[in-house]
Structure formats: structure tokens, C-alpha cells
Ligand SMILES: Cc1ncc(COP(=O)(O)O)c(C=O)c1O
């Protein structure tokens, strides 16, 4: 870490705007387009014993997001990001146990404030941080309550942008009602959770919203497809109407920090027998195996 700042004042080292610094020292410019417009993308990667789970899939999603938004990252920057991810795990002593890496790339700083994009050679602002992470395995074992909320988002939910206001509002509503999470509903169909994808089980088949601009196609969702395939569990990517939810056999949320979470109560009403079902357990075991967790 040649450009590491020697005056770090706390133990958390982040990479921000071209330098390693302490979390307190990393300050965003008032002209950053991420700050002003939410003009940027982000990624969260799970780290298990120092290894990035599904590293390539996460980095591919970053590339796709940058491409779709037209944010240009020099090749050397892109390659450097891969090293920085590993550097931060080491610097923050996260080689054992679990952690998450947060990566955010905005279109950079530009003044005066204009809605249209700054010149293409404006350097993007890159933030990368690493944080210890403890999954809630008790909740994953026992099940949790979720609520349904209207999906208030835009028509490009497939982009992992930092525009998360409707997601944060949904998560806050869930919190205020003592629920684990919120399932969003658009035109009578469930799309996904505020920070996870949603599956339901009906008659032994897993159903989830098809890939579309109305959902973020999760990396964990892909892992679920793999595990289901290996276990011989049929999967249908079909819209699930909200009205069938009370009668499904299982509801499952999946995501990088959610893992595979059974939802055993919906809007405070018990789903099936109120206990995690058989399929969610297969998926949980499969995910742990693939993550290398015993
Ligand atoms: C809206 C939304 N859907 C789905 C997911 C799950 O994606 P992944 O499994 O890649 O974490 C996330 C994760 O943050 C999310 O924010």
C-alpha cells in the first residue's frame, strides 16, 4: 500500500478518491455527482476467511453498471480495484471470520452543477471499504416476519445504483413494524425485497420474478438457481401475484448480506406451519457449502 496515509486516526482503513485513508479522513466533495444526483453504482461483496465470494460475478455487475450508465473507468483503475479489495481485507485484519466489502463508483466531481454529464475524462470517484460481518444464523434457522409494501422505484431496478430512497423507505417501514424486511409489490406482483430477492415455494417448485428492469438480478439468486439445479428442485422465473402469498408453502429472501432467509410470517400472519420449510433448508446448506462455511 504505497500511497497509504501515515496519519490514520482509527483502525478502519478505506480507499477513497485515489488514496488509502482512515474512515474519518475520507470526505466527499460537495460537487460529487454521487452526492448531488445519486449518479453512481455500488456493490457489496461477502468475504469468508479472506476470500471474496463470487468475486467475478460482482465485478462483472460493476462493469455492466458502469457501461449502462456511461461512467468510464480506465483499465488500470479497474485492475487496481481488484488489488485494493484484497489490500483492504489485509489492512483491516479481516482475513479470518466474515466481512463485507463495499465498492462505490460515482461519475466524479464537477462544478457548476449541471444535470447533463461532465466531460468524459472526469475521473470517477471510487470508494472501497471493508467491514466485519456477522450473519444472523439464529434468524436464518428460525424464520422471520416480513411486510409487503408498494414498489415505488423507477424502471431500471436492474442497475445497482446508489439511488436507494424507495428501498430505504421500505426497510424503515419494516423496521417500524418489527419485521425483518419488506417485499415490494408492483402492479399486483411481488418484485423483490428492499435489499434482497424473493422466492416462494408452491408444490415443490421455486418461483421468482423473472430477470427484468423491475428487479436487481442478485448474485445470491444465481447461486440459488445453481443449488436448486444440483438438488433437482424445479425453478420457474414467473411473476408471483401478491394475492397468492398467504397460501404459499415457503417464502424465502436471498442476498449477499441476507444469505437465505426463511420468511415464516407475512404481515404478522403465519405462512404454512410457521416454521422454515424443507426447500429453504436445502438452499441454506448449499449456500454454506459454496461459501466454505462449516
Ligand atoms: C434491491 C436488491 N435486490 C436484490 C439484491 C440481492 O443481490 P445480491 O444477491 O447480489 O446481493 C440486493 C442486494 O443488495 C438488492 O439491493
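The values are calculated or read from the model by the stated rules, or taken from the named source; none is laboratory data. Since we're looking at a predicted model, the values are computed, not measured. Note: ideal-geometry Cβ built from the backbone for every residue, glycine included; neighbour counts use all protein chains shown.
Within the range 175-189, one or more residues are without any contact (Cβ under 8 Å) to a residue 24 or more places away in the chain, within 15 Å of residue 147 (Cβ to Cβ) and more than 11 Å from the ligand (Cβ to nearest atom). Would you confirm, using the coordinates I've provided, whether residue 119 is loosely packed, with under 15 Cβ neighbours inside 10 Å and assigned to a loop (DSSP other than H, G, I, E, B)? Against the criterion (loosely packed, with under 15 Cβ neighbours inside 10 Å and assigned to a loop (DSSP other than H, G, I, E, B)), residue 119 qualifies. Here the condition is being touching a strand residue (DSSP E or B) at 6+ places or on another chain (Cβ under 6 Å) and surrounded by 14 or more Cβ atoms within 10 Å (Cβ to Cβ); of 69, 85, 73, it holds for 85 alone.
For the range 223-236, the count of residues that are touching a strand residue (DSSP E or B) at 6+ places or on another chain (Cβ under 9 Å) and closer than 13 Å to residue 196 by Cβ is nonzero.
All conditions but one from (1) at pLDDT 95 or above; (2) touching a strand residue (DSSP E or B) at 6+ places or on another chain (Cβ under 6 Å); (3) farther than 13 Å from residue 88 by Cβ apply to residue 5; the one that does not is (1).
Taking the numbered list (1) within 14 Å of the ligand (Cβ to nearest atom); (2) more than 30 Å from residue 21 (Cα to Cα); (3) assigned to a loop (DSSP other than H, G, I, E, B) in turn, residue 135 passes all entries but (2).
Close Cβ contacts (under 9 Å, 6 or more residues apart or on different chains) running from residues in the range 252-280 that are assigned by TED's automatic domain parsing to the domain that holds residue 198 and without any contact (Cβ under 8 Å) to a residue 60 or more places away in the chain to residues that are within 16 Å of the ligand (Cβ to nearest atom) and part of a loop (DSSP other than H, G, I, E, B) comprise 254/196; 254/218.
In the range 190-205, of all residues being away from the ligand (no atom under 15 Å from the Cβ) and touching a strand residue (DSSP E or B) at 6+ places or on another chain (Cβ under 8 Å), the one that is nearest to residue 278 (Cα to Cα) corresponds to 201. Among the residues here, residue 145 does not qualify as within 16 Å of residue 34 (Cα to Cα) and not in a helix (DSSP H, G or I). If you go through the range 21-42 and keep only what is in a loop (DSSP other than H, G, I, E, B) and surrounded by 17 or more Cβ atoms within 10 Å (Cβ to Cβ), you end up with 26, 39. Remark: residue 55 matches the filter, which requires a residue to be in the same structural domain as residue 98 (by TED's automatic domain parsing), within 16 Å of the ligand (Cβ to nearest atom) and touching a helix residue (DSSP H, G or I) at 6+ places or on another chain (Cβ under 9 Å).
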